[in-house]
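To start, the structure under review is shown below, and the notes come after it.
Each value in this text was obtained by applying a stated rule to the coordinates, not by laboratory testing. Computed from a prediction, not measured in an experiment: that's the story for all the values here. Note that we place each Cβ from the backbone using ideal geometry, even for glycine, and neighbour counts take in every protein chain shown.
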Amino acid sequence: MRRVIPVLLIGGGLLAAAACGTAQSGNTTATAPSAPVATAPPAVAATCEALAEAYGENMAPYAKALHGLIADRKATAPAQQALAGFATAVQDATKASGDEELRIEGKEAADKLRAKSADAKFFAGIKTTEDVNKAIGPTLTEWLAPVHRRCS
């Protein structure tokens, strides 16, 4: 369970970044902020929101497929398909962004995910729950780093 927490934090970070600059306050009294508040440009905020949705929709199927791989060593295809689907979702979430840098970084992240989805050695190395936790935690974080930098 402890190893899943970093993954949830990353997802939460993407969700929080997606909401950056989109919150509306009902308070209309003028008060001076204690520090400047940075808000994401609309193009970045919208893309980060789309990325958060892609992450939310694809994380569970990917994790489930990896766990299935532990139970059945021949179940590589569902895990590969889940990761390839994740890649497609990341690219779809970023390809129409109004922020050119985020489009490029989204393609870079999607390409990393897609390359790993075809890497039989990567999936052959997943044999335990610890391996799954690493694959959905630090490893996935590394692959998504290009877009995570912009959305955190």
**Asked** Mind checking which pairs have a first residue in region 115-132 that is free of Cβ contacts under 8 Å to residues at least 60 places away in the same chain and a second that is polar (S, T, N, Q) and assigned to a helix (DSSP H, G or I), Cβ under 8 Å, 6 or more apart or different chains?
**Response** S117/Q80; S117/Q81; A118/Q80; A120/T76; F123/T76; F123/Q80; A124/T76
**Fill in**
Scanning region 39-81 residue by residue, those free of Cβ contacts under 8 Å to residues at least 12 places away in the same chain and of a type outside the set (K, R) turn out to be A60, G68, A71, D72, A75, A77
**Asked** Restricting the search to region 78-135, which residues are out of contact with any Pro (no Cβ under 6 Å at 6 or more places or on another chain), farther than 19 Å from E57 by Cα and acidic (D, E)?
**Response** D99, E100, E101, D119, E130, D131
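Might you let me know whether region 71-82 holds any residue that is over 15 Å from the mean Cα position of the chain (by Cα), crowded, with 19+ Cβ neighbours inside 10 Å and either among the acidic types (D, E) or not in a helix (DSSP H, G or I) (or both)?
Within region 71-82, the first condition is being over 15 Å from the mean Cα position of the chain (by Cα), and the residues that meet it are 71-81.
Keeping just the survivors that are crowded, with 19+ Cβ neighbours inside 10 Å gives 79-80.
Applying the additional criterion that residues be either among the acidic types (D, E) or not in a helix (DSSP H, G or I) (or both) yields none.
No, the conditions are met nowhere in region 71-82.
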